[in-house]
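Before any comments, here is the structure.
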Amino acid sequence: MDILIVGAGPSGLTLANVLAAYGVPFRIVDAKPGPVGQSRAAIVHVRTLELLDRLGLGDRARRRGLPITHAELYENGRRAAEVPLAGRDGGPVALGQDDTERLLVEGLEERGHAVEWNTTLTTFGGARWVVGADGASSRVRRALGIGFAGRTYEQTGLLADVHVDAGLPPGRLRLNLTRGGFVGMLPLGQDRYRLFGALPPDMAEPSPDGAVSHDPYAAVSLERLQRWFETFFAVRTRLNSADWTALFRVHSRMAEQFRAGDTFLVGDAAHIHSPAGGQGMNLGIGDAFNLGWKLAMVARGEAGERLLDSYEAERMPVARKVLNGADRGFALEATGHPVAAWLRAHVASRLIGPLSHLPPVREAVARMFSQTWISYRGSPAVGGSAHGALRPGDRAPAGMAPADLHYHLVVSPGTHVDAPFETHAHPAAGRLAYLVRPDGHLAYIGSPEAVPTDMDRAG
């Protein structure tokens, strides 16, 4: 057994699916009895759907999820702006973490593999490589002595999946700015919504019976939810019931390194942050996919171990950028400073409204949430030179990206990246070659004669 995956959340399951697709032996263990039973992370972004496509699971995720096409911004209940979330590459779907995990378990089982549930890590067991996908309290990370630096916010956040006859348009994320906070409603299905946002201090105190705490996913009474809903959401109706609630303190932390020798960290074991923007699960799946195809190629003898050096080099900058963005988003949601609260309630929407009509702004918003902005420029695993706006390490344009887990060599008959493309086993001289990695990023741009055959260098 070459590879041990510790943790069967979205990150660990994605990594296992990638290895299974390559036919690489592994074990995946988890102390839990099975997939989570709560929705938790509730949105799957475009880039993640593209990665699931390469595993044959993307269409299944789209069918099970609810397309989210627009974000609507309100100021104290007054509609101020609307921004499309679906760009040229498509849009996100609302799909709970529980459904995402079940989807990934299905994919694993269809390839003849199973998670070893109810299995606690006691030793790394002589595995050649170990991957810690075991969450924010990762035993793997602690065993390695890797620091988890960052901060814990004083503000309290709240997530809740509720049933409510809101009568809102389908497929639209509703955000409401007020002096007291920034809250949102994400549709999950028929009369079912995810409520999210920060709680003011007076609502964040424990109930007299002590039922509310800051433990992860602590329960919140329907009465308290109703009070929060009436105060901040500007939707005149009552909540019927709640399926799941989570009162929590927000942490923003990142591991000091994502690799120690032959052990790697992915997902929440490597980074945690505010749920603002719904980036966390998607970031972890991206980690797992990036590491998965590289581990598979090294394990199969198709690349040298130098390829594994690029995992940390590529994913740490991405995680840092997402954490910084989530910090800014949560600050907008939660800060109680009087000036910031007044700006949030009276200025932000007046700026966003006019800007939201500009096509470049609309496309930029869709791109920001989609994670299609991710690039690995400067990675030790890419090479060649720039061509137009494209650089080695960038996400390949539509029409170039592979639909499977192989490298693809694309040779242009012209000099522009939007010219018709042909794929050749032996490219002709004088053309421009693009070598596309299994994750859809450009490993090389340049002369066909100089296409690298050393996958350590080509990505």
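The values are calculated or read from the model by the stated rules, or taken from the named source; none is laboratory data. Predicted, not measured: the structure shown is a model, and the values here were computed from it. Positions of Cβ are generated from backbone atoms using ideal geometry, with glycine treated the same way; all protein chains shown enter the neighbour counts. Surface areas here come from the heavy atoms of the whole protein model, side chains and all, with no ligands, DNA or RNA. Shrake-Rupley method; radii C 1.70, N 1.55, O 1.52, S 1.80 Å.
Being among the aliphatic types (A, V, I, L, M) and either closer than 18 Å to ASN282 by Cβ or part of a helix (DSSP H, G or I) (or both) is the filter here; which residues of segment 50-85 pass it? Show your work before the answer.
At the first step, the residues of segment 50-85 found to be among the aliphatic types (A, V, I, L, M) are 51-52, 55, 57, 61, 66, 68, 71, 73, 80-81, 83, 85.
Scanning segment 50-85 gives LEU51, LEU52, LEU55, LEU57, ALA61, LEU66, ILE68, ALA71, LEU85.
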When segment 279-320 is checked residue by residue, the ones that are open to solvent by 40 Å² or more (accessible area, probe 1.4 Å) and either part of a helix (DSSP H, G or I) or basic (Lys, Arg) (or both) are ARG300, GLU305, ARG306, ASP309, GLU312, ALA313, PRO317, ARG320
Margin query: ALA31 - would you say it is more than 17 Å from the chain's Cα centre (by Cα), crowded, with 18+ Cβ neighbours inside 10 Å and not in a helix (DSSP H, G or I)?
Written below: no
All-but-one check, LEU323 against (1) at pLDDT below 95; (2) surrounded by 17 or more Cβ atoms within 10 Å (Cβ to Cβ); (3) over 17 Å from GLN257 (Cβ atoms), failing number (3)
With the first residue restricted to segment 208-227 and required to be polar (S, T, N, Q), and the second required to be open to solvent by less than 50 Å² (accessible area, probe 1.4 Å) and modelled with pLDDT of 90 or more, Cβ contacts under 8 Å at 6 or more apart or on different chains are GLN226/LEU239
Among residues of segment 213-267 being of a type in the set (Gly, Ala, Ser) and within 22 Å of the chain's Cα centre (by Cα), the residue farthest from GLN97 (Cα to Cα) is ALA255
If we keep only residues of segment 56-72 that are open to solvent by 10 Å² or more (accessible area, probe 1.4 Å) and of a type outside the set (D, E, K, R), then the residue nearest to ASP404 (Cα to Cα) is GLY56
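Going through segment 148-158 one residue at a time, which ones are open to solvent by 20 Å² or more (accessible area, probe 1.4 Å) and either assigned to a loop (DSSP other than H, G, I, E, B) or modelled with pLDDT of 85 or more (or both)? Step through it out loud before you land on a result.
Our first condition is that a residue be open to solvent by 20 Å² or more (accessible area, probe 1.4 Å); within segment 148-158, this holds for 148-152, 154-155.
The answer is PHE148, ALA149, GLY150, ARG151, THR152.
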Note on segment 127-143: residues of a type outside the set (Lys, Arg) and surrounded by fewer than 18 Cβ atoms within 10 Å (Cβ to Cβ) are ALA136, SER137, ALA143
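Kindly establish whether ALA86 is surrounded by fewer than 24 Cβ atoms within 10 Å (Cβ to Cβ) and out of contact with any Leu (no Cβ under 7 Å at 6 or more places or on another chain).
Working: surrounded by fewer than 24 Cβ atoms within 10 Å (Cβ to Cβ): yes; out of contact with any Leu (no Cβ under 7 Å at 6 or more places or on another chain): yes.
For ALA86, the condition - surrounded by fewer than 24 Cβ atoms within 10 Å (Cβ to Cβ) and out of contact with any Leu (no Cβ under 7 Å at 6 or more places or on another chain) - is met.
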